[in-house]
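The values are calculated or read from the model by the stated rules, or taken from the named source; none is laboratory data. The structure presented is a predicted model; accordingly, all values stated were derived computationally and were not measured. Cβ sites come from the backbone with ideal geometry, for glycine too, and all protein chains shown count toward neighbours.
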């Protein structure tokens, strides 16, 4: 008798599968109860249902071809424009959407590597200089792209040490990067000093604001002058990544990557002209790009507006202040550094208790605990769903510290710090250049300004950048030539 495989012989009923999927979630983090301090960025159930519906309306559409679905093209352009405004970028600032912060970071490193190759003639041994607190996505991208990542130690306040970074710069350095803020502790790096360093050495500077890009502007608006500048107001900043699936409250996964001008973005485009299927051009890493995350990000930003974001941010930051006060009032604990937003981390003061034993106690109370290292600490990202249970958390935290004090021999059991056409044709180069120009036109602000995307009466045949009109014809002509394989 043939052994049964995992793949079902016959399809199962929808109802049966939905029930099984729901049962799978029984041991998942209980974020709806506010007992999880990371990962899920929630406003209200009504908002969640709305962005799910928005994404569902574009469930089947693929943005692999930006000209096939004008709706997605319009929404991406408007998301880029809104983000540019939020981050104080001028009219020259351009960008794309990506599938998340990791892709945005990957694309930024790829772009600056290509820029260094073509503009600075650095063909190998590329280096980037970052603080040790930078997100591991930089290391991942550098590994894949063959770039050496040089990490400078951070200061006593867990900020980027600009002098230490400068000491690592060489003639092979192609990029500097800092965080706004760093994820582990919510600490804003000294971006003004980093921008000045970049200008002094004539290097680009990327600001990783994947976690902070859509909340720091509202924090600053609520209390003007409380944060140093960190965005495009600083001349030395050449690019910023900001995730729309975090505090823009869009659906996962979506992110925005902005460059100061097309001089950088043009190097992000990948174009090949010798594929049997025709010209292949891509603005981002992904080939097929899901339409749903773009639609949900656009819908979220449009539905909440400035007033909605300000209101949510005020509620969250009021909760953050309550947490800070409550944690500081527990004698054995102290906050790490000076967090700038709704990310905080705390540790044991003078190692008076084992912070991971504290974490284990909280886990027993059904709190999802993010444990971190360097130093050993507990991380909290405060979201709207956490606000109703802050007092309960502080009470359990106080009990956890008392337990750790009274059980000095207890050993931590938690998982500490886990975070997983045409090669034969002589004018191939001309085709690539024209396709590159097409993408520049597509993602430039000038193209947006020439059209009124909200005017449904506009002749669709004239709304695309001109190069798009010859692409299909060119593919058909070239594919019909003798010797085509």
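Of 291, 250, which residue is buried (at least 18 other Cβ atoms within 10 Å of the Cβ), more than 23 Å from residue 441 (Cβ to Cβ), outside the structural domain of residue 389 (by TED's automatic domain parsing) and at pLDDT below 95? Give the steps one after another, and end with the answer.
Numbers: 291 fails: more than 23 Å from residue 441 (Cβ to Cβ).
Just a single option satisfies the conditions, and that option is 250.
Which is farther than 30 Å from residue 438 by Cβ and either out of contact with any helix residue (DSSP H, G or I) (no Cβ under 7 Å at 6 or more places or on another chain) or in a helix (DSSP H, G or I) (or both), of 330, 312, 294?
Result of the check over 330, 312, 294: 312.
What about residue 363, is it out of contact with any helix residue (DSSP H, G or I) (no Cβ under 8 Å at 6 or more places or on another chain), surrounded by fewer than 18 Cβ atoms within 10 Å (Cβ to Cβ) and more than 17 Å from residue 36 (Cβ to Cβ)?
Values: out of contact with any helix residue (DSSP H, G or I) (no Cβ under 8 Å at 6 or more places or on another chain): yes; surrounded by fewer than 18 Cβ atoms within 10 Å (Cβ to Cβ): yes; more than 17 Å from residue 36 (Cβ to Cβ): no.
Considered against the rule, which asks whether it is out of contact with any helix residue (DSSP H, G or I) (no Cβ under 8 Å at 6 or more places or on another chain), surrounded by fewer than 18 Cβ atoms within 10 Å (Cβ to Cβ) and more than 17 Å from residue 36 (Cβ to Cβ), residue 363 comes out as no.
Please pick out the residue among 116, 141 that is surrounded by 22 or more Cβ atoms within 10 Å (Cβ to Cβ), assigned to a helix (DSSP H, G or I), in contact with a strand residue (DSSP E or B) (Cβ under 6 Å, 6 or more places away or on another chain) and in the same structural domain as residue 182 (by TED's automatic domain parsing).
Working: 141 fails: in contact with a strand residue (DSSP E or B) (Cβ under 6 Å, 6 or more places away or on another chain).
That would be 116, the only listed residue that is surrounded by 22 or more Cβ atoms within 10 Å (Cβ to Cβ), assigned to a helix (DSSP H, G or I), in contact with a strand residue (DSSP E or B) (Cβ under 6 Å, 6 or more places away or on another chain) and in the same structural domain as residue 182 (by TED's automatic domain parsing).
Inside the range 207-240, can you point out the residues that are outside any loop (DSSP other than H, G, I, E, B) and over 20 Å from residue 79 (Cβ atoms)? Even if it seems obvious, please write down each step before you answer.
To start, the set of residues in the range 207-240 that are outside any loop (DSSP other than H, G, I, E, B) comprises 207-208, 216-222, 239-240.
Matches in the range 207-240: 219, 220, 222.
In the range 52-83, which residues are at pLDDT 90 or above and either outside any helix (DSSP H, G or I) or within 19 Å of the chain's Cα centre (by Cα) (or both)?
75, 76, 77, 78, 79, 80, 81, 82, 83
In the range 165-206, what count of residues is obtained for those that are within 16 Å of residue 115 (Cβ to Cβ), more than 17 Å from the chain's Cα centre (by Cα) and outside any helix (DSSP H, G or I)?
So the first thing to find is which residues in the range 165-206 are within 16 Å of residue 115 (Cβ to Cβ), and the list is 171-177, 198, 201-206.
Now narrow it down to the ones that are more than 17 Å from the chain's Cα centre (by Cα): 171-176, 198, 201-204.
From what is left, the residues that are outside any helix (DSSP H, G or I) are 171-176, 201-204.
Within the range 165-206, residues that are within 16 Å of residue 115 (Cβ to Cβ), more than 17 Å from the chain's Cα centre (by Cα) and outside any helix (DSSP H, G or I) number 10.
Any idea how many residues of the range 382-395 are buried (at least 19 other Cβ atoms within 10 Å of the Cβ) and over 28 Å from the mean Cα position of the chain (by Cα)?
Qualifying residue count, the range 382-395: 1.
Looking for whichever is over 30 Å from residue 382 (Cβ atoms) and surrounded by 13 or more Cβ atoms within 10 Å (Cβ to Cβ) here; the options are 70, 48. Which one fits? Reasoning before the result, please.
On the way: 48 fails: over 30 Å from residue 382 (Cβ atoms).
Every option except 70 fails the conditions.
Please go through the range 1-32 and give me each residue that is surrounded by 14 or more Cβ atoms within 10 Å (Cβ to Cβ) and in contact with a helix residue (DSSP H, G or I) (Cβ under 8 Å, 6 or more places away or on another chain), ordered by number.
31
Looking at 331, 338, which one is surrounded by fewer than 21 Cβ atoms within 10 Å (Cβ to Cβ), at pLDDT 90 or above and either within 24 Å of residue 40 (Cβ to Cβ) or within 29 Å of the chain's Cα centre (by Cα) (or both)?
Working: 331 fails: either within 24 Å of residue 40 (Cβ to Cβ) or within 29 Å of the chain's Cα centre (by Cα) (or both).
Step by step, each of 331, 338 is checked, and only 338 is surrounded by fewer than 21 Cβ atoms within 10 Å (Cβ to Cβ), at pLDDT 90 or above and either within 24 Å of residue 40 (Cβ to Cβ) or within 29 Å of the chain's Cα centre (by Cα) (or both).
Just checking, does the range 145-154 include any residue being assigned to a helix (DSSP H, G or I), assigned by TED's automatic domain parsing to the domain that holds residue 232, touching a helix residue (DSSP H, G or I) at 6+ places or on another chain (Cβ under 7 Å) and closer than 30 Å to residue 374 by Cβ?
Taking every residue of the range 145-154 in turn, at least one turns out to be assigned to a helix (DSSP H, G or I), assigned by TED's automatic domain parsing to the domain that holds residue 232, touching a helix residue (DSSP H, G or I) at 6+ places or on another chain (Cβ under 7 Å) and closer than 30 Å to residue 374 by Cβ.
Check residue 128 against each of (1) part of a helix (DSSP H, G or I); (2) at pLDDT 95 or above and name the one condition it does not meet.
Status for residue 128: all satisfied but (1).
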